[in-house]
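Reading through the structure tokens given below for one structure.
The values are calculated or read from the model by the stated rules, or taken from the named source; none is laboratory data. Since this is a predicted model, take the numbers as computed values, not measurements. Ideal geometry is used to build each Cβ from the backbone, glycine not excepted, and the neighbour counts take in all protein chains shown.
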Amino acid sequence: MSLGVKVRLVVRTPMEGVGVEVDGELHRANASGCVELRLPAGSYVVAVEPIYAYAERSRLAFKSWSDGVAENPRRVSLERSLTLEALYDRQHLVEVDSPYGSPSGGGWALEGSYVTISATSPFDHGNGTRRVFTAWVGDVTSALPAVEVLIDGPKTVRAVWRTEYLCSFAFTDAEASREIPPPTYVVLSGAGANLTLTEFVSVWIPRGSWTLAEVRWRGCDVKPGALELKVESPSSFNVTCLVYDLRVEAFDPLGLPVDGAEVRATVANGSTLTARTVRGAADFGLVPGGPYRVELSYMWQRLEASGHTSTSTRVRLKVAVSVAVLALSSTAVLAVGGAALGLRRIKRRAGR
């Protein structure tokens, strides 16, 4: 190494404070991002800090030297003035916070690049409980589980999840005596939102309090008033619906049941059902609750009645004439006629 001549060495970095080592001696870049030294001509090992944290969650990461050399440290021959420039990438920390869904996209990311932040939804615990992604909050807001983010600074994002439980529903008639066919749909109301169900076995319901807003069954709402359902765990619910059995009974003046009468019942959903009386009764099973109208036709007679399932599901109609009444009348006529004939015969014999 020559001891008499000193040569200028300049190492440029992106900003003040970056460490530069020359033959193991540490120097810090000035306000212009430079380290300037005058050294005897010769061979030197020059290195810059590979990672320089210039702010919380932001850093510089060495990329290469401006002359294309990638090694750091590097050896240089200093025979004349030399300027080296260290090239860095600006990186920012992306922090993704989520207890579920195997979140991805976190870590150090290049400034100006796009990073996809994502989480897998739903996350099933396998015990009738699952978590459903609802939103990213923080430095990124989105309702999508996967979102592309421009890295223009540090990012902290947190996933918000909704808890849901596996639930099943069974529906019974108003007497809770038997299960009825499932409704067309059910509407649950809660927390400012409505949830419409068309399946009722093993369905996912968000945790919370729900009000049974509608049970649409055969064209009518048969919900049993304001029923509150608390979903705090996997659950099964039994819903007693306003569904009834309607019975129409026909009898004659003798109190005897009338068979064979045709009965038409128009129920709350507007449908008309037809049946004939057997042992004096026509039964219409599982009709939606509400107003009804019945018409009974028997021989030349026609009777009508109306009502509401909330007050009565049994209608009794009295016909004026029945087969039994006619038979009894005929027997009476024959008996009277026979008695009169016998009386006349007695009178004739007496006259002789």
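Numbers for the structure displayed
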| item | result |
| --- | --- |
| Where a residue in region 170-192 is aromatic (Phe, Trp, Tyr) and its partner, wherever it lies, is surrounded by 14 or more Cβ atoms within 10 Å (Cβ to Cβ) and assigned to a loop (DSSP other than H, G, I, E, B), with Cβ under 7 Å and at least six apart | 171/180; 171/182; 171/183; 171/241 |
| Residue count, region 93-114 (criterion: in contact (Cβ under 8 Å) with a residue 40 or more places away in the chain and either part of a strand (DSSP E or B) or closer than 13 Å to residue 154 by Cβ (or both)) | 9 |
| Hits in region 126-135 - residues which are on the phi < 0 side of the Ramachandran plot and more than 17 Å from the chain's Cα centre (by Cα) | 127 |
| Residues of region 140-157 satisfying the condition of being part of a loop (DSSP other than H, G, I, E, B) and buried (at least 16 other Cβ atoms within 10 Å of the Cβ) | 140, 145, 151, 154 |
| Filtered residues of region 279-306 (kept if of a type in the set (A, V, I, L, M) and under 26 Å from residue 172 (Cβ atoms)) | 281, 282, 286, 287, 294 |
| Looking only at region 38-63, and only at residues there that are at negative phi and among the small types (Gly, Ala, Ser), the one that is surrounded by the most Cβ atoms within 10 Å (Cβ to Cβ) | 47 |
| The one condition in (1) aromatic (Phe, Trp, Tyr); (2) within 23 Å of the chain's Cα centre (by Cα); (3) crowded, with 17+ Cβ neighbours inside 10 Å that residue 244 fails to fulfil | (2) |
| Candidate set: region 72-86, residues that are charged (D, E, K, R) and farther than 24 Å from residue 111 by Cβ; chosen: the one surrounded by the most Cβ atoms within 10 Å (Cβ to Cβ) | 74 |
| Residue list for region 172-197, filter: within 23 Å of residue 271 (Cα to Cα) and assigned to a loop (DSSP other than H, G, I, E, B) | 173, 174, 175, 178, 180, 181, 182, 183, 184 |
| Which numbered condition residue 176 fails, given (1) over 19 Å from residue 204 (Cβ atoms); (2) surrounded by fewer than 16 Cβ atoms within 10 Å (Cβ to Cβ); (3) modelled with pLDDT of 95 or more | (3) |
| Enumerated strands (runs of 3 or more DSSP E) restricted to region 216-295, each holding at least 2 residues that are out of contact with any Pro (no Cβ under 8 Å at 6 or more places or on another chain) and farther than 25 Å from residue 179 by Cβ | 262-266, 272-276 |
| Of residues in region 179-201 being aliphatic (A, V, I, L, M) and more than 20 Å from residue 242 (Cβ to Cβ), the one modelled with the lowest pLDDT | 191 |
| Check on residue 137, assigned by TED's automatic domain parsing to the domain that holds residue 234, part of a strand (DSSP E or B) and not charged (D, E, K, R) | no |
| Test: residue in region 247-264 that is over 30 Å from residue 328 (Cα atoms), hydrophobic (A, V, I, L, M, F, W, C) and modelled with pLDDT of 95 or more | no |
